[in-house]
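Asks: The following block contains the structure, expressed as structure tokens.
The values are calculated or read from the model by the stated rules, or taken from the named source; none is laboratory data. Worth saying up front: this structure is predicted, and the values here are computed from it rather than measured. Cβ atoms come from the backbone with ideal geometry, glycine included; neighbour counts cover every protein chain shown.
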Amino acid sequence: MVGYSIARIEVAFNIWRLRIYRRCHLIKLAVKPEYRRRGIGDALLRETVKYARKVGADEVILEVRAKNTVARRFYKKRDFKEVKYKKGYYLDDDAVIMTLKLN
């Protein structure tokens, strides 16, 4: 195995809009260092987003370490937006919350 993606679909009812809201929470996307920069991460992310669309998710959300500028650039290039900053999210770092709107 050279890489993997772990995600879950979260479902909530929006009481103010009276609708069911689905989002795909990308928990982990990883590629072994010796296989990076070959399009594997991009393919994994594309398949995750494709699945999220298939199940009717409204967005994809993820957390990334604030110091991880490589990952932040990777997601930004794929239209993710930085929407929130969480201080102390990790023991040794803050987190940046990023989302990709699907609808």
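Asks: Looking only at segment 5-12, decide whether some residue is in contact with an Asp or Glu (Cβ under 9 Å, 6 or more places away or on another chain) and part of a strand (DSSP E or B).
Replies: Among the residues of segment 5-12, at least one is in contact with an Asp or Glu (Cβ under 9 Å, 6 or more places away or on another chain) and part of a strand (DSSP E or B), which makes the answer yes.
Asks: Please pick out the residue among Leu45, Leu29 that is more than 19 Å from Asn103 (Cβ to Cβ), at pLDDT 95 or above and not hydroxyl-bearing (Ser, Thr, Tyr). I'd like the intermediate steps shown before the answer.
Replies: On the way: Leu45 fails: more than 19 Å from Asn103 (Cβ to Cβ).
Checking each option against the conditions leaves just Leu29.
Asks: Considering only residues of segment 66-97 that are part of a loop (DSSP other than H, G, I, E, B), of a type outside the set (A, V, I, L, M, F, W, C) and more than 16 Å from the chain's Cα centre (by Cα), which is modelled with the lowest pLDDT?
Replies: Asp92
Asks: Could you look through segment 20-65, keep only residues that are in a helix (DSSP H, G or I) and of a type in the set (Phe, Trp, Tyr), and pick out the one that is farthest from Leu91 (Cα to Cα)? Give the steps one after another, and end with the answer.
Replies: Pass one, segment 20-65, residues in a helix (DSSP H, G or I): 33-35, 40-54.
Adding the requirement that they be of a type in the set (Phe, Trp, Tyr) leaves 35, 51.
Details: Tyr35: 28, Tyr51: 31 Å.
For segment 20-65, the residue satisfying everything is Tyr51.
Here's the yes/no breakdown for (1) touching a helix residue (DSSP H, G or I) at 6+ places or on another chain (Cβ under 6 Å); (2) free of Cβ contacts under 8 Å to residues at least 12 places away in the same chain; (3) within 26 Å of Lys87 (Cα to Cα); (4) not β-branched (Val, Ile, Thr):
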{"site": "Pro33", "(1), (2), (3), (4)": "no, yes, no, yes"}
{"site": "Arg36", "(1), (2), (3), (4)": "no, yes, no, yes"}
{"site": "Ile40", "(1), (2), (3), (4)": "no, no, no, no"}
{"site": "Ala57", "(1), (2), (3), (4)": "no, no, no, yes"}
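Asks: From the list Arg23, Arg78, Arg19, Arg72, which one is of a type in the set (D, E, K, R) and in contact with a helix residue (DSSP H, G or I) (Cβ under 7 Å, 6 or more places away or on another chain)? Reasoning before the result, please.
Replies: Details: Arg23 fails: in contact with a helix residue (DSSP H, G or I) (Cβ under 7 Å, 6 or more places away or on another chain); Arg19 fails: in contact with a helix residue (DSSP H, G or I) (Cβ under 7 Å, 6 or more places away or on another chain); Arg72 fails: in contact with a helix residue (DSSP H, G or I) (Cβ under 7 Å, 6 or more places away or on another chain).
On inspection, the qualifying residue turns out to be Arg78.
Yes or no, residue by residue, for (1) more than 19 Å from Val2 (Cβ to Cβ); (2) among the aliphatic types (A, V, I, L, M):
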{"residue": "Arg19", "(1), (2)": "yes, no"}
{"residue": "Arg23", "(1), (2)": "yes, no"}
{"residue": "Lys28", "(1), (2)": "no, no"}
{"residue": "Asp42", "(1), (2)": "no, no"}
{"residue": "Leu45", "(1), (2)": "no, yes"}
{"residue": "Thr48", "(1), (2)": "no, no"}
{"residue": "Tyr51", "(1), (2)": "yes, no"}
{"residue": "Ala57", "(1), (2)": "yes, yes"}
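Asks: Restricting attention to segment 81-90, does a residue exist that is touching a strand residue (DSSP E or B) at 6+ places or on another chain (Cβ under 8 Å), within 28 Å of Met1 (Cα to Cα) and acidic (Asp, Glu)?
Replies: no
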